[in-house]
Each structure stands twice: as C-alpha cells, then as structure tokens.
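Only one structure is covered here, and it is reproduced in the block below.
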Amino acid sequence: MAMKNRVTNRDLELPTEKVVPGGVYENPLSDRGFKKLLSSVSSLTNFLNGVMHLNKEHEIEKLKFKTKKISYVTADGSGSEKETWSFDIRAQTRDGRAIDVEVQNLKHEFFEDRVLIYGSALLLKAKAELDKERSDTDKKKMEARNPPVLTTDEKKERRRQMYELPDTVSVWICNFPLPSNSTKVWDCWMMYSENELNSGSLLPITDRIKYMASKLAYTSSRQCQ
C-alpha cells in the first residue's frame, strides 16, 4: 500500500514492517497497534469521517497531525504548577476543527470524568492556537503599515471574537460501553439545556465541543496473539 501521506511528526513516526504469514497480530486496541493503524493522514481521515458519521458535505478533506503533549501552567499566591496532558492522536482539520482520538482497552474509576478533562484540555489548547494565529495575522498586517496599527473595524472584530471557540471533537474508541450503562455501540455528547429537553427540544445549546464514544467488540489477549 502506498504511504505517500505518511506522518513525519517524530512522535508518531513508526517503522515499516513486512507482512509475514503466521506473524503476530497487532492489537488495534493497544497503544502501539492503534497508533500504527492510524499513522498516516489518509487512514486517520477515513477513520474520522466514518466514526464521526460525517456526510459528504461535512466530511474531512484534509488534516494535519499536531504535537501530542500539551502543558498548562497555573499560578496563585502559593506558587505555580505545571500540568501536562498526553493524547494518543491530536490533529487539526483544514477548516480549523481540533480533534483528539483516544483508545482505551480497560475502564477505570471516574472514566467519564477523564473524558471531560481531556476534552477541556483539548479545547483550551485549540483556543490558544486560534488566538495566536489571529494575533500573528494582525502583526503581519501592522508590519506592512505606517503607522503600524489596526483599523477601528479590525479592533472591533478582534473584541467580538474574544470568546469564540474553535470546533473541538474528542473521540474515544473503547473496549467497553461508554457510558457504562449504555447498550449502544456509538454515542455523541454535547451541552444541552434541561429545560429545553423537558419541553421537547433535542437541539444542543452549543456544538462547539463534542465527545464521541465508539464501543468495539471485546478482544482478549489470547485473541490478539
């Protein structure tokens, strides 16, 4: 199979291995197997278009891999602390959607909380990157002007965009149902209003951040050999 779209990110680069008859099966639910399965732009694009149930009009046409680790520094009167989050796969589409893909073989306590934490970290990072991209655009504009200032309309537009968030999708491929009492193989979480739901409306308050969960058939270690 041609690998012209092979990832060049050092964190995701994986060695090419020949297919050997009778060889060991690489479990796609293991960290290594999952990253290997989606180590090219084309394979990840096809996977996301399928798991996110995107139609032809909204499907992903192009994406790029991003660094997998992100850090935040919080400071208060007692000092500062650094938190680092590591994603299995983090990517961005051409239209600016931030995407995190995680694979989880075993469930642990407070797993739903972990999903929310990862989604929040992804959203904050995507917002910071969006703001920096706009700031860099403004700097280039000012460098070409004399005096180097933004117009009144440009300043108003930046103030209007102060709290604008990029579309963010956190995808979880699990070997167990999510939520734990679900009987479905796929689910999507968004922010809803309880009052609107009680009145019969199924529309979310916002779809800026989505959590998508897909349950795969259980595979034991013996089956993966």
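The values are calculated or read from the model by the stated rules, or taken from the named source; none is laboratory data. All values reported here derive from a predicted model rather than from experimental measurement. Neighbour counts run over all protein chains shown; Cβ positions are idealised from the backbone, glycine included.
The table below lists the values:
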{"quantity": "Among the residues listed as S71, S86, the single one being of a type in the set (G, A, S) and under 12 Å from the mean Cα position of the chain (by Cα)", "calculated": "S86"}
{"quantity": "The lone exception for P177 - which of (1) outside any loop (DSSP other than H, G, I, E, B); (2) at pLDDT below 95 it fails", "calculated": "(1)"}
{"quantity": "Unique residue being modelled with pLDDT of 95 or more, out of contact with any helix residue (DSSP H, G or I) (no Cβ under 7 Å at 6 or more places or on another chain) and either surrounded by 12 or more Cβ atoms within 10 Å (Cβ to Cβ) or not aromatic (F, W, Y) (or both) when the list is K156, K125", "calculated": "K156"}
{"quantity": "Residues being farther than 18 Å from V115 by Cα, surrounded by 15 or more Cβ atoms within 10 Å (Cβ to Cβ) and at pLDDT 90 or above - total across the range 182-223", "calculated": "1"}
{"quantity": "Enumeration of residues in the range 194-210 that are assigned to a loop (DSSP other than H, G, I, E, B) and either under 13 Å from V169 (Cβ atoms) or under 24 Å from the mean Cα position of the chain (by Cα) (or both)", "calculated": "L203, P204, I205"}
{"quantity": "Top-ranked residue of the range 1-58 - restricted to ones that are of a type in the set (A, V, I, L, M) and exposed (fewer than 14 other Cβ atoms within 10 Å of the Cβ), ranked as modelled with the highest pLDDT", "calculated": "L54"}
{"quantity": "Tally of residues being out of contact with any Phe, Trp or Tyr (no Cβ under 9 Å at 6 or more places or on another chain) and in a loop (DSSP other than H, G, I, E, B) across the range 79-122", "calculated": "7"}
{"quantity": "Residue count for the range 27-44, restricted to those that are assigned to a loop (DSSP other than H, G, I, E, B) and farther than 16 Å from N175 by Cα", "calculated": "2"}
{"quantity": "Residue check, L54 touching a helix residue (DSSP H, G or I) at 6+ places or on another chain (Cβ under 9 Å), among the aliphatic types (A, V, I, L, M) and over 24 Å from M190 (Cα atoms)", "calculated": "no"}
